[in-house]
Structure formats: C-alpha cells, structure tokens
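Below: the structure, in structure tokens.
The values are calculated or read from the model by the stated rules, or taken from the named source; none is laboratory data. Model, not experiment: these values are computed from the prediction. When we count neighbours, we look across all protein chains shown, and the Cβ atoms used for this are built from the backbone with ideal geometry, even at glycine. Ligands, DNA and RNA are stripped out before the accessible areas are found, and what is left, the full protein with its side chains, is counted by its heavy atoms. Shrake-Rupley method; radii C 1.70, N 1.55, O 1.52, S 1.80 Å.
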Amino acid sequence: IIDEYAPSLIVTVDCGVSNRAEAEYIKSRGVRVIVTDHHELPERLPDCTVVNPKLADDYPYDNLCGAGVAFKIACALLGKDAYDLLDIAAVSTVADSVPLTGENRDIVFEGLRRINKNPRAALKYLLASKKDAVDAQTLAFTVAPRINAAGRMGDAQSALRLLTSEDEREVYDLAVRLNAFNAERQQVCDEVYKSARAKLAEGGAYDDAILLYGEDWSQGLIGIVAARLAEEFNRPVVLFAEKDGLLKGSARTVENVNVYEALRACAEHLEAFGGHAQAAGVTVRKENFEALRAAMNAYIRGKYATEDFQPSFAVCAREMPSAELVRELERLEPCGVGNKKPLFAVSAGSVAASPLKEGSPHVAFRAEGTELVWFGGGRSRELLSCDVPKEIVFECGLSRFRG
C-alpha cells in the first residue's frame, strides 16, 4: 500500500492494538498511523494514537465492536451527518456478537429503525426474500453471513463495493454475487466441518480444548467451523489452516471460558495472537502445535471446573405464552448477545416433525396447539418421535401476514 499509493496516514479499523511492530514499520516509512480497535489490550500498546473503548479513560462504554468505534470517530468528525451510517453500524454490531446493551443497543435500535423505514439499496437487495419487519436476528442470519461470505471466499472488495457504490444496477449485481458466495461458503464450510469431525473421530474429543489443523482448510472459514464445534462439544476450539510453514488459527469458546486469557497463558508457544474473551486469532509454528495443545489443556484444566462446560438455559416460564405477552416481549428488542430473548418450555411426548420443505434440515411440529420450528432439527426427528417424556425449550415470535 505504501509503495503503490504513498499515503500520509493509515487508519486501522477493528485491528492493530496488538500490532506494535507493524505500527513501527509504518512509521519508519514516513507514514503516520492511527489504530482504532476494540480487542483486548496487550501489555504494550503500539506507539501511536490508539482509539479503543477498553483503554482506562472516562469513556462510559467499553463493548463497542470495531465498526462501532469507527462509527464514533465518524460522529466526532462529521457530527450528526454520521447518523446516515447507523444502519451499517447496526449490521456490524450484530454480526460481531458484542453485547446488545448500552450504546450497542442504541446503535442497533436506531439502525434497525432506518433499515425498516428506508433501507439503502445494498440492504434492500440482500433482504429481498424477507417480507416481515427486519430485526436483529434478520441481520445476524440473513445480512451478516452474506456480507461476510465475500471475504471468506476471497473477494472482500465485492462487499465493500456493495456498501459504497451509488450505481443501483451494480449494487443489485453485487448482492446477487454475495448470495452465490454465501451458498458456496456453506458448502465449503460443511466440507471443513466433516474433515474436522473425521480428525476428532481418529483421536477422540477427550481434551478440555479441541485444537486441530488441516493443510487444505480455508483460513477464512475455520472460525465458523470452530464456533460450530464449540457449541457441539461444549468446550473451546481452535482450528488452524496451514500457510508457509505457519499455522494460522481461529479460536471460539463457550460462554464461561475466556479463550483470550487461555491463549495469553500459552504465549511462549505462539507467534502472535489477539482478540477477546469469546473469539481470537492466533498464529503458531507447526513444530510448536503439540506444545500449545498441551499447555492450553493444562491451563484450562487448572482454571475451570466441570460446571463451566455445561450449557444451561434460563427458562422464564414452563408454559406456552399468549400472543399478547409475545407482543409485549417484542418491546425488549433488539435481542441477542447480552440481551437474550426470553425462553419458554413445554413438556411433550411423541412429536411428529416434518421438514419445512423437501431436503430441508429444518423441521416443524406442533406442541400444545402451537407450531414450532427447529432450525437444524432434521437430524433429531427420531428423537422427537420417540415416545419418552421430553422438555422443549423455545423462544417466541409472531408471524404476520397481510397485517
């Protein structure tokens, strides 16, 4: 970049706070650097201007995502004109799984209001199949995966152009491309997942943390698969892709286990790492992989108890709520990390579940007269139909059709 464009200033977004050496190199080339980031602070910060809500200052909220920090800088520079960017800041805040409390809640609430009232072309086309009002879950499961898919499939510029182009025809074409990228990403993710499961089947999943690497895994997809395995096996997972003799990894974890602190405790085996409690990036030499695995397992075994790995649900009522109550619960939106939707539970015996459509992994069934949908529940149809007592835990929404 310095050779090609000769910039006078480089501003980072969502990265840089752990990159002291890189900041020194940029400065040595005669370029100023400003780091804007939200990740955990290392022992030594880069020797430059650093904007990070986790710094010990009087800023009142420390859970902004990287794009949220960029949005606040836009507010400082542009004043209220920056509010035109609230919709993009909302998408980013939901996509990065930061708590939907405090200022994050305000950003997402106001961003959703803009999206529902007058969506920009990029979001309108990405949401083309969505007929109901857009909420935080729509951003998480419809918009964010498609924007992320561009970079994960090696063409991040498509996502950038989608959000910055003023040519509506180009925006439409790019939205179609991102949709195709997302379908391809899902297929490749499934292949990486199956490969990781095969490696686990060979060695067993007996450790307190799962660490695996694949020579042909895509670095852009291992984070998604790590999150899937962490949820499935209820423990931290670090997956690595091999590149030029180095293993570059993505770490994901369960709610009660801080993966950033675990990596910091193993820093002697690492080339680099950075991130936060629930997710991190890490680089290790291939010859140090087994030492890292042993050290990380020893740290987690000594730090955490068995109960920390057991998933739990806070169920607010064991009954089917009324439509009136569900309408009132909608006022708690936006819901997500840190402000989860209230959960309910009902008892059931044998349940007849049907796929939503032919070949779909999702199933629908009825309990206490109400239709329930289980996303990804196709593999559990046999369990549902089995005539044994079971509790079904669910969250509620209202389906609306023509008002």
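List the helices (runs of 4 or more DSSP H) inside the range 1-89, counting only whole elements, that have at least 3 residues being surrounded by 15 or more Cβ atoms within 10 Å (Cβ to Cβ). Full working, then the answer.
Working: elements: 2-5, 20-28, 66-78.
Fully inside the range 1-89 and qualifying: 20-28, 66-78.
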Report task. Any residue in the range 380-403 that's under 21 Å from R318 (Cβ atoms): show its pairings with residues that are open to solvent by 80 Å² or more (accessible area, probe 1.4 Å) and small (G, A, S) at Cβ separation under 7 Å, as long as the two are six or more apart or on different chains. Result -> P389/S347; E391/S347
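Looking at A140, A144, A150, which one is open to solvent by less than 20 Å² (accessible area, probe 1.4 Å), under 16 Å from the mean Cα position of the chain (by Cα) and in contact (Cβ under 8 Å) with a residue 40 or more places away in the chain? Walk me through it before giving the result.
Details: A140 fails: open to solvent by less than 20 Å² (accessible area, probe 1.4 Å); A150 fails: in contact (Cβ under 8 Å) with a residue 40 or more places away in the chain.
Of A140, A144, A150, the one residue that is open to solvent by less than 20 Å² (accessible area, probe 1.4 Å), under 16 Å from the mean Cα position of the chain (by Cα) and in contact (Cβ under 8 Å) with a residue 40 or more places away in the chain is A144.
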Report summary line: The number of residues in the range 303-349 that are open to solvent by 50 Å² or more (accessible area, probe 1.4 Å) and either closer than 26 Å to T93 by Cα or touching a Cys at 6+ places or on another chain (Cβ under 7 Å) (or both) is 12
Query raised in the report: When only residues in the range 232-244 that are touching a residue at least 40 places away in the same chain (Cβ under 8 Å) and open to solvent by 40 Å² or more (accessible area, probe 1.4 Å) count, which is farthest from G214 (Cα to Cα)?
Result: N234
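Every residue in the range 153-179 that is farther than 30 Å from W217 by Cα, open to solvent by 40 Å² or more (accessible area, probe 1.4 Å) and of a type outside the set (D, E), please. Quick ask: steps written out before the conclusion?
Going through the range 153-179, the residues farther than 30 Å from W217 by Cα turn out to be 164-172.
Going one step further and asking which of them are open to solvent by 40 Å² or more (accessible area, probe 1.4 Å), we end up with 164, 166-170, 172.
Residues satisfying the conditions are T164, R169, Y172.
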Query raised in the report: Which residue pairs have Cβ atoms under 7 Å apart, sit 6 or more places apart or on different chains, and have a first residue in the range 185-196 that is over 15 Å from R146 (Cβ atoms) and a second that is of a type outside the set (S, T, Y) and assigned to a helix (DSSP H, G or I)?
Result: V192/I222; V192/V225; Y193/V225; Y193/R228; A196/V225; A196/L229
Report summary line: Of (1) free of Cβ contacts under 8 Å to residues at least 12 places away in the same chain; (2) more than 22 Å from L112 (Cα to Cα); (3) within 28 Å of the chain's Cα centre (by Cα); (4) not in a loop (DSSP other than H, G, I, E, B), R331 fails just (2)
Report summary line: Counting only residues that are outside any loop (DSSP other than H, G, I, E, B) and either over 19 Å from the mean Cα position of the chain (by Cα) or among the β-branched types (V, I, T) (or both), the range 209-228 contains a total of 8
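Looking at this structure, is A265 in contact with a helix residue (DSSP H, G or I) (Cβ under 6 Å, 6 or more places away or on another chain) and open to solvent by 20 Å² or more (accessible area, probe 1.4 Å)?
On the way: in contact with a helix residue (DSSP H, G or I) (Cβ under 6 Å, 6 or more places away or on another chain): yes; open to solvent by 20 Å² or more (accessible area, probe 1.4 Å): yes.
So A265 fits the description; yes.
Rundown of residues vs (1) free of Cβ contacts under 8 Å to residues at least 12 places away in the same chain; (2) of a type in the set (D, E); (3) in contact with a Leu (Cβ under 8 Å, 6 or more places away or on another chain), yes/no style:
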site: L77; (1), (2), (3): yes, no, no
site: A82; (1), (2), (3): yes, no, no
site: D106; (1), (2), (3): yes, yes, no
site: E110; (1), (2), (3): no, yes, yes
site: R113; (1), (2), (3): yes, no, no
site: K117; (1), (2), (3): yes, no, no
site: A121; (1), (2), (3): no, no, no
Query raised in the report: Restricting the range 108-137 to residues that are in a loop (DSSP other than H, G, I, E, B) and open to solvent by 80 Å² or more (accessible area, probe 1.4 Å), which is nearest to K340 (Cα to Cα)?
Result: K131
Requested in this report: Go through the range 287-302 residue by residue and tally those that are open to solvent by 70 Å² or more (accessible area, probe 1.4 Å) and in contact with an Asp or Glu (Cβ under 8 Å, 6 or more places away or on another chain).
Outcome: 1
